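The values are calculated or read from the model by the stated rules, or taken from the named source; none is laboratory data. For clarity, every value in this text was computed on a predicted model and none was experimentally measured. Note that each Cβ is placed from the backbone with ideal geometry, even for glycine, and that neighbours are counted across all protein chains shown. All accessible areas refer to the heavy atoms of the entire protein, side chains included, with ligands and DNA or RNA removed. Shrake-Rupley method; radii C 1.70, N 1.55, O 1.52, S 1.80 Å.
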Amino acid sequence: MDPVTLPQLESDAPLTAKSPTGLLPTTADLRARMALPSLPEAHRTIPISAGASWFRKILAFAGPGYLVAVGYMDPGNWATDLGGGSKFGYTLLSVILISNLMAMFLQALSAKLGIATGRDLAQACREHYSRRTSLFLWVVCEIAIAACDLAEVLGSAVALKLLFGLPLLAGVLITALDVLLVLALQGRGFRLVEAFVVTLMASIAACFAYEIFFAHPLWREAAIGFLPRAEILRNREMLYIAIGILGATVMPHNLYLHSSIVQTRAFGASARDRREAMHYAIFDSTVALGFALFINAAILVLGAAAFHTRGLNNIAEIADAYRLLSPVLGASLASTLFACALLASGQNSTLTGTLAGQIVMEGFLDIRLKPWLRRLITRSIAIIPAALVIGFAGENKVTSLLILSQVILSFQLPFAVIPLIQFTADRSKMGEFANSRVVSLIAWIVAVAILFFNGELLWLILRPA
């Protein structure tokens with residue numbers, strides 16, 4: 001058996017098999033080795049002290065998981081969670097739980113890939129697949145990012161309208177300024193980006209804690225709601241929202257994002273240092289996604305407690321929830337805090353979505369643009385469709401479009417999940433960090449489950465009434 005060579009870090013690509021001659025590296029090998037690291041302006045900029053205590057190391061590695069978790073509580077989640085809670089009560093809490101468990105597992109694989117190979121998922125795809133396949137995966141991923149950004153832009157625009165009375169189209173255009181925020185924060189260091197995101201997440205949590213306090217949920221029914229029910233598969237409308245929750249929770253672009261931003265930590269190059277980095281990175285993302293589970297469950301519980309139990313089962317728009325929350329709960333700040341949390345969610349998700357767009361474009365195409373131009377392109381991909389949607393569909397269709405965007409994300413998931421599973425099980429890329437047979441089996445079960453739910457939804461949509 002040939003010895004396994006461990007992949008390299010920093011600017012070196014993972015070592016692959018010998019060239020056909022056995023003497024010289026192929027052109028592809030040379031091109032891979034010359035590739036810049038992911039997010040080069042932030043790559044390995046956060047120091048990790050080898051002699052630090054475990055607690056200080058937890059703090060040093062804390063951050064990337066929260067940037068990833070932001071994508072699991074974006075405005076698209078609000079639409080699906082509020083719709084599911086108001087219409088079906090606490091039943092779909094089980095879908096939120098299952099989706100978050102899937103997310104924790106897949107994000108752990110993503111962190112492993114980035115730390116073990118020094119490559120993000122997009123770079124790994126470009127180096128492994130043919131150019132045609134890589135271009136296809138890039139286009140599919142850009143569609144997913146556009147769908148995600150559409151939800152974020154529309155969510156922010158809705159929040160601005162609710163708080164300040166701005167027209168939705170004006171709110172969408174204002175979100176173009178988000179690119180300046182990202183540039184300003186990242187120019188001052190990646191830690192500031194992470195601190196900003198965590199602050200907004202804490203604000204969202206505080207807002208929902210206030211809302212739930214006045215909503216008085218039925219906690220016993222909520223606990224039962226975490227148990228899966230076969231009814232979800234039989235009810236077409238319930239399954240549609242359930243798939244929307246899945247798409248809003250297991251975000252495909254987050255797999256690309258996480259495999260890149262874990263490389264902002266300057267961990268050692270030895271196998272021991274990388275294994276330690278994996279443990280801390282996975283701990284960080286698991287805790288952060290547990291926090292996202294709390295936020296998502298809180299949104300659905302609020303919808304169930306405030307609306308479903310009071311017979312208000314058709315809260316189809318986020319604006320409807322905003323108008324009804326204060327009178328229903330009898331709390332004057334309920335509606336305002338709801339809109340503030342929505343705005344914080346949109347801004348958070350926009351920031352991380354812009355980073356993901358940069359990572360995907362650079363990783364798949366190996367195109368290096370100036371930071372402002374790169375982010376302007378990413379933002380335009382979201383703003384132009386959002387403006388067209390508002391112009392042609394009207395403002396009263398925003399929430400239904402948010403739910404549809406999440407279903408699109410769910411259908412895109414296999415194109416990110418399957419390469420991730422394939423790469424993390426490949427010893428030529430991962431070396432000793434390759435997935436065990438048990439982990440690979442679990443990973444494929446998750447992938448098959450996603451494909452099954454998507455297929456079930458498609459059948460329900462296309463079958464005769």
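Okay, here's what the table says:
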{"item": "Residue within segment 290-310 that is out of contact with any Gly (no Cβ under 9 Å at 6 or more places or on another chain) and in a loop (DSSP other than H, G, I, E, B) present", "result": "no"}
{"item": "Count of residues meeting criterion [under 19 Å from M278 (Cβ atoms), buried (at least 20 other Cβ atoms within 10 Å of the Cβ) and among the small types (G, A, S)] in segment 409-454", "result": "1"}
{"item": "Members of segment 227-277 found to be more than 30 Å from R44 (Cα to Cα) and of a type outside the set (A, V, I, L, M), listed by number", "result": "P228, R229, E231, R234, N235, R236, E237, Y240, G244, G247"}
{"item": "Matching entry among A266, A281 (being modelled with pLDDT of 90 or more and either out of contact with any Gly (no Cβ under 8 Å at 6 or more places or on another chain) or of a type in the set (V, I, T) (or both))", "result": "A266"}
{"item": "Among (1) more than 30 Å from A334 (Cβ to Cβ); (2) modelled with pLDDT under 80; (3) of a type in the set (V, I, T) - the single one V139 does not satisfy", "result": "(2)"}
{"item": "Residue in segment 57-79 that is without any contact (Cβ under 8 Å) to a residue 40 or more places away in the chain, closer than 21 Å to L255 by Cβ and surrounded by fewer than 24 Cβ atoms within 10 Å (Cβ to Cβ) present", "result": "no"}
{"item": "Residues of segment 311-335 satisfying the condition of being outside any helix (DSSP H, G or I) and under 25 Å from the mean Cα position of the chain (by Cα)", "result": "A316, E317"}
{"item": "Candidate set from segment 103-152 (those that are in contact with a Leu (Cβ under 6 Å, 6 or more places away or on another chain) and not hydrophobic (A, V, I, L, M, F, W, C)); member that is surrounded by the most Cβ atoms within 10 Å (Cβ to Cβ)", "result": "S110"}
{"item": "Filter result (buried (at least 17 other Cβ atoms within 10 Å of the Cβ) and either under 21 Å from the mean Cα position of the chain (by Cα) or over 9 Å from A266 (Cβ atoms) (or both)) within segment 35-54", "result": "A35, P37, S38, L39, A42, H43"}
{"item": "Qualifying residue in segment 175-190 (condition: over 30 Å from G118 (Cβ atoms) and either of a type in the set (D, E, K, R) or crowded, with 16+ Cβ neighbours inside 10 Å (or both))", "result": "yes"}
{"item": "Pair list, Cβ < 8 Å and 6+ apart or interchain, from segment 207-232 residues that are within 30 Å of T336 (Cβ to Cβ) to residues that are open to solvent by 70 Å² or more (accessible area, probe 1.4 Å) and part of a loop (DSSP other than H, G, I, E, B)", "result": "Y210/L333"}
{"item": "Selection from segment 297-334 of residues that are closer than 22 Å to N100 by Cβ and open to solvent by 60 Å² or more (accessible area, probe 1.4 Å)", "result": "H308"}
{"item": "Members of segment 194-229 found to be touching a Cys at 6+ places or on another chain (Cβ under 9 Å) and either open to solvent by 60 Å² or more (accessible area, probe 1.4 Å) or among the β-branched types (V, I, T) (or both), listed by number", "result": "I204"}
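Every residue, every condition in (1) of a type in the set (D, E, K, R); (2) modelled with pLDDT under 90, yes or no:
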residue: V182; (1), (2): no, yes
residue: G189; (1), (2): no, yes
residue: V193; (1), (2): no, yes
residue: V197; (1), (2): no, yes
residue: I204; (1), (2): no, yes
residue: F208; (1), (2): no, yes
residue: F214; (1), (2): no, yes
residue: R220; (1), (2): yes, no
residue: A223; (1), (2): no, no
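Conditions tested, residue by residue: (1) closer than 28 Å to P167 by Cα; (2) touching a His at 6+ places or on another chain (Cβ under 6 Å); (3) charged (D, E, K, R); (4) modelled with pLDDT of 90 or more.
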residue: R56; (1), (2), (3), (4): no, no, yes, yes
residue: G84; (1), (2), (3), (4): yes, no, no, no
residue: T117; (1), (2), (3), (4): no, no, no, yes
residue: E127; (1), (2), (3), (4): no, no, yes, yes
residue: L135; (1), (2), (3), (4): no, no, no, yes
